[in-house]
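First comes the structure, then the notes that go with it.
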Amino acid sequence: MSALDVLLTTVGALGVVIVAVSARMRRWPVTEPLLALAAGVILGPAVLGVFDVSDIVADPSTLHTGAEILLGISVMGVALRYPFSEIRQHWRRLALLLALVLPGMALISTGLAMWALGIPFALALLLGTALCPTDPVLASSAVTGDEAEEDLPAHDRQLLSVESGANDGLALPLVLVALAVATPLTAGQALGESAWQIAGALVVGIVAGYGAAKALHFSERHHDTETGPMLLFTLLLTLLVLGVAGLIGVNGVFGAFVAGLAFNVTSTGGERETEVEIDEAVNQFAVLPFFVALGAMIPWAEWGRLGWGSVWLTVAVLVLRRAPLIFALMKPLGLKVRGAAYLGWFGPVGVAAVFYLTEEASRAGADPLLLGAGTLVVVASTVAHGITAAPGRALYRVAADRDAASSGGR
């Protein structure tokens with residue numbers, strides 16, 4: 001049997017089950033990525049051996065492309081999730097997260113890798129920068145759905161969403177710095193490439209998002225667009241931005257996020273709400289093939305060779321990579337203790353890390369230690385944040401209700 005047939009069958013079966021229980025799933029300690037990951041492990045060589053992923057393992061570019069498309073779809077959904085007037089209110093807090101927390105997470109992860117694995121600074125920096133972005137795919141399970149809207153305040157959900165959308169692309173300069181340390185790439189080349197990739201993506205995103213919204217307005221005024229095709233408008237916009245970005249060599253993920261913001265600003269409220277519903281639904285199921293493949297290609301042998309140091313690294317990254325920074329900036333970020341605890345924990349490592357790990361592998365060579373340690377952290381984060389998303393929201397609600405009752409009693 002072909003790998004494609006197995007993948008299609010698995011994704012289709014998971015999709016049917018998820019649709020059937022979608023309303024209940026948000027209350028369960030399970031998420032779509034976690035289900036797909038488990039299915040991949042079971043079908044992969046470690047258990048049943050019916051899903052052959054040798055081609056993906058041999059060529060990291062396949063997984064890199066899949067990660068880029070999934071991230072593009074996800075960050076487009078993030079950019080459309082809330083009215084731009086609400087997103088704009090977070091710009092100061094977002095600036096703190098991008099300017100201080102993002103590089104801070106890279107440095108902490110780098111130091112932890114050197115401590116736990118005993119590896120050189122250059123290799124640890126490659127790992128630390130790949131692990132630093134907050135993943136929008138995994139974070140969406142914590143901030144979307146009726147339960148999340150009931151349990152969590154809007155400003156905390158919005159901040160985590162927008163941060164996860166923005167820092168996926170803006171982690172690129174940090175990755176290029178790591179490549180400049182670990183490869184013949186010079187500091188000047190890294191700086192020039194960073195400027196071109198980010199500035200180019202900004203221009204592509206603004207032009208594409210603004211132009212798409214205006215074209216949609218024009219066609220609607222002249223009744224030239226049918227309802228069916230229009231439902232996939234921003235999905236096609238995402239693919240357009242990714243394609244153009246690839247042609248001119250700029251960061252497609254950041255470009256898709258900017259395009260979503262530009263579309264958000266230019267479109268009407270009704271258009272945005274329609275598009276975000278479709279994008280969220282597409283994102284919910286687009287994760288399935290990626291995480292099935294990831295589960296099947298887990299490098300169990302390399303994990304075993306890494307020893308206990310990889311376990312300490314994984315635990316330390318999940319606990320220390322983000323939370324101490326959020327607590328240190330709790331007042332400037334306008335967070336209460338419960339908000340800092342929630343945002344400090346729910347900064348998952350996921351698809352964005354795989355995207356940058358495979359980018360580094362294509363440029364610096366596929367180091368088994370780098371890919372092994374990186375995938376271990378990604379899988380651990382998928383499991384840990386998947387099973388704690390629903391209980392975490394419930395704990396937040398309990399803490400908020402207790403604080404409200406205490407305040408009312410005084």
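Over the chain, calculate the relative contact order: mean separation of alpha carbon pairs under 8 Å at least 6 apart, over the residue count, as a percent.
In percent, rounded to a whole number, it is 31.
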Handout entry: Residue-span extension gain [T65 to W28] - 0.36 nm each, minus C-alpha spacing
Key = 10.2 nm
Practice task
Quick one: pull the percent of accessible area on the chain belonging to carbon and sulfur, 1.4 Å probe, ligands and nucleic acids left out.
Solution key: 68
Fill in the blank from the handout: FRET efficiency (Q89, I387; Cβ distance; R0 25 Å; to 0.05) is 0.20
Exercise for the section: Just subtract the alpha-carbon distance of L98 and S362 from 0.36 nm times their residue separation and send over the number in nm, one decimal. Expected result: 92.5 nm
Exercise for the section: Per DSSP H run of at least 4 residues, take -39500 (n - 2.57); add these up for the chain, divide by its residues and hand me the 222 nm value, nearest 500 deg cm²/dmol. Expected result: -26000 deg cm²/dmol
Fill in the blank from the handout: Honestly the chain on the Cα gyration tensor test (a ≥ b ≥ c root eigenvalues; a/c under 1.5 rounded, otherwise a/b vs b/c for prolate or oblate) is just rounded
Practice task
May I ask you to give the solvent-accessible area per residue for the chain, in square angstrom, as obtained with a 1.4 angstrom probe?
Solution key: 41
Exercise for the section: Report the label-to-label distance for S219 and L191 in nanometres (one decimal), using points 7 Å from each Cα along the Cα→Cβ vector. Expected result: 4.4
Practice task
Give, as a single signed number, the net charge of other residues whose beta carbon lies under 9 Å from the beta carbon of Y342, with Lys and Arg counted +1 and Asp and Glu -1.
Solution key: +1
Fill in the blank from the handout: Under the rule rounded for a/c under 1.5, else prolate if a/b exceeds b/c, else oblate, using alpha carbon gyration tensor axes a ≥ b ≥ c, segment 30-126 is classed as oblate
Practice task
Return the FRET efficiency for the residue pair L320, S2: r is the Cβ-Cβ distance, R0 is 51 Å, and the value is rounded to the nearest 0.05.
Solution key: 0.75
Fill in the blank from the handout: Scoring only Lys, Arg, Asp and Glu (+1, +1, -1, -1) among other residues with Cβ under 12 Å from the Cβ of H64 yields -3
Fill in the blank from the handout: Whole-Å distance linking the alpha carbon centroid of segment 135-178 with that of segment 286-324 is 20
Completion exercise
One finds, for A20 and A46 with R0 = 25 angstrom and r their Cβ-Cβ distance, a FRET efficiency to the nearest 0.05 of 0.35
Exercise for the section: Output the direction-averaged projected area (hull surface divided by four) of the convex hull of the alpha-carbon atoms of segment 276-410, in nm². Expected result: 11.5
Handout entry: Under the Karplus curve 6.51 cos²θ - 1.76 cosθ + 1.60, θ = phi - 60°, whole-Hz ³J(HN,Hα) for segment 172-181, x wherever Gly or Pro sits
Key = 4, x, 5, 5, 5, 4, 4, 5, 5, 6
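Which of the three applies to segment 119-239, rounded, prolate or oblate, going by the alpha-carbon gyration tensor with a ≥ b ≥ c and a/c under 1.5 meaning rounded?
The shape class here is oblate.
The values are calculated or read from the model by the stated rules, or taken from the named source; none is laboratory data. If you're wondering where the values come from, they're calculated on a predicted model, not measured in any experiment. As a convention, Cβ positions derive from the backbone with ideal geometry for all residues, glycine included, and neighbour counts pool all protein chains shown. Ligands, DNA and RNA are stripped out before the accessible areas are found, and what is left, the full protein with its side chains, is counted by its heavy atoms. Shrake-Rupley method; radii C 1.70, N 1.55, O 1.52, S 1.80 Å.
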